[in-house]
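Here's the structure, in structure tokens; my notes come after.
The values are calculated or read from the model by the stated rules, or taken from the named source; none is laboratory data. In this text the structure is predicted, and so the values were computed from the model without any measurement. Here the Cβ is made from the backbone with ideal geometry for all residues, glycine too, and neighbour counts use every protein chain on show. We work out accessible area using only protein heavy atoms, side chains counted, and drop any ligands, DNA or RNA first. Shrake-Rupley method; radii C 1.70, N 1.55, O 1.52, S 1.80 Å.
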Amino acid sequence: MTVEMATFGGGCFWCLEAAFQKLNGIESVVPGYAGGNTPDPDYEQVCSGSTGHAEVVQIKYATGEVSYRKLLEVFFTIHDPTTLNRQGNDVGTQYRSVVFFHNDKQKSEAEDFISKLNTSKIWRDQVVTEVVPLEKFYEGEIYHHNYYLQNPSQSYCQLIISPKLEKLF
């Protein structure tokens, strides 16, 4: 069985992490930061919007159990890919919709998937999700790991994350 990596940004990484953790074939989901210029950023720096980084999750998955296409389906279901630098009340480039590809096959699949979404007119507006190569991933602070699993009754989890999970599962 082959294990590959995928990296996505689509708003708060707590939401992404919670959704991808529920899929079969996922070996790990790690919140972190990617796509910016500041080396080894921390959460406060990224939240300021000054680093260029997006909040992301890096997913290690078993290709025999879950496909990259399935990951794309989940990703595009749990966030609004038509809003530039925004997801709900989270505003700024750190919350942009982005697929960081690890290889040419992922790039091609992501671009094809987005093209099909735009053609299907699922949303009134066009998808603004960036598809860019992953240059460097910085793991988020430990208190962000498994956030939803450790804080299911926290108001953000109840109001924002739980409805996304209900939509998926």
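Taking the residues in segment 86-102 that are assigned to a loop (DSSP other than H, G, I, E, B) and in contact (Cβ under 8 Å) with a residue 60 or more places away in the chain as candidates, determine which candidate is nearest to the chain's Cα centre (by Cα). Please lay out each step first, then the result.
From segment 86-102, those assigned to a loop (DSSP other than H, G, I, E, B) are 88-89, 92, 96, 102; that's our starting set.
Keeping just the survivors that are in contact (Cβ under 8 Å) with a residue 60 or more places away in the chain gives 88, 96, 102.
Numbers: Gly88: 15, Arg96: 9, His102: 14 Å.
The qualifying residue nearest to the chain's Cα centre (by Cα) is Arg96.
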(Q) Every residue in segment 49-85 that is touching a residue at least 12 places away in the same chain (Cβ under 8 Å) and polar (S, T, N, Q), please. (A) Ser50, Thr51, Gln58, Thr63, Thr77, Thr82, Thr83
Q) Name the residues in segment 112-126 that are surrounded by 14 or more Cβ atoms within 10 Å (Cβ to Cβ) and within 20 Å of Tyr68 (Cα to Cα), would you? A) Phe113, Ile114, Leu117, Asn118
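If you scan segment 44-60, which residues turn out to be open to solvent by less than 50 Å² (accessible area, probe 1.4 Å) and more than 19 Å from Pro133 (Cβ to Cβ)?
Narrowing segment 44-60 to residues open to solvent by less than 50 Å² (accessible area, probe 1.4 Å): 46-47, 49, 51-59.
If the condition is that a residue be open to solvent by less than 50 Å² (accessible area, probe 1.4 Å) and more than 19 Å from Pro133 (Cβ to Cβ), then Val46, Cys47, Gly49 are the ones that fit.
Could you say which residue among Pro81, Pro31, Pro41 is surrounded by 20 or more Cβ atoms within 10 Å (Cβ to Cβ) and assigned to a strand (DSSP E or B)?
Going through Pro81, Pro31, Pro41 in turn, just one is surrounded by 20 or more Cβ atoms within 10 Å (Cβ to Cβ) and assigned to a strand (DSSP E or B): Pro31.
Going by the conditions given, is Lys105 exposed (fewer than 12 other Cβ atoms within 10 Å of the Cβ) and either touching a residue at least 12 places away in the same chain (Cβ under 8 Å) or not polar (S, T, N, Q) (or both)? Quick ask: steps written out before the conclusion?
Working: exposed (fewer than 12 other Cβ atoms within 10 Å of the Cβ): yes; either touching a residue at least 12 places away in the same chain (Cβ under 8 Å) or not polar (S, T, N, Q) (or both): yes.
Taking the combined requirement at face value, the residue satisfies it.
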Q | Flag if Thr129 is surrounded by 12 or more Cβ atoms within 10 Å (Cβ to Cβ), under 17 Å from the mean Cα position of the chain (by Cα) and closer than 12 Å to Phe8 by Cα | A | yes
Q: State the number of residues belonging to segment 61-75 that are assigned to a helix (DSSP H, G or I) and either open to solvent by 10 Å² or more (accessible area, probe 1.4 Å) or touching a strand residue (DSSP E or B) at 6+ places or on another chain (Cβ under 6 Å) (or both).
A: 6
Q.
Quick check on this structure: which one of Ala6, Ala18 is closer than 16 Å to Glu130 by Cα, surrounded by 14 or more Cβ atoms within 10 Å (Cβ to Cβ), touching a residue at least 40 places away in the same chain (Cβ under 8 Å) and touching a helix residue (DSSP H, G or I) at 6+ places or on another chain (Cβ under 8 Å)?
A. Ala6
(Q) Of all residues being in a loop (DSSP other than H, G, I, E, B) and without any contact (Cβ under 8 Å) to a residue 40 or more places away in the chain in segment 108-136, which is farthest from Phe20 (Cα to Cα)? Just the residue, please. (A) Lys121
Q | Residue, most open to solvent (accessible area, probe 1.4 Å), within segment 137-159, restricted to residues that are farther than 10 Å from Ala18 by Cβ, touching a residue at least 40 places away in the same chain (Cβ under 8 Å) and part of a helix (DSSP H, G or I) | A | Tyr156
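Kindly indicate the residue of segment 84-102 that is hydrophobic (A, V, I, L, M, F, W, C) and surrounded by 16 or more Cβ atoms within 10 Å (Cβ to Cβ) and also farthest from Val128 (Cα to Cα) among those meeting that condition.
Just the residues of segment 84-102 that are hydrophobic (A, V, I, L, M, F, W, C), to begin with: 84, 91, 98-101.
Pick out the ones that are also surrounded by 16 or more Cβ atoms within 10 Å (Cβ to Cβ) and you get 98-101.
Numbers: Val98: 9, Val99: 11, Phe100: 14, Phe101: 16 Å.
Residue satisfying both the conditions and the ranking: Phe101.
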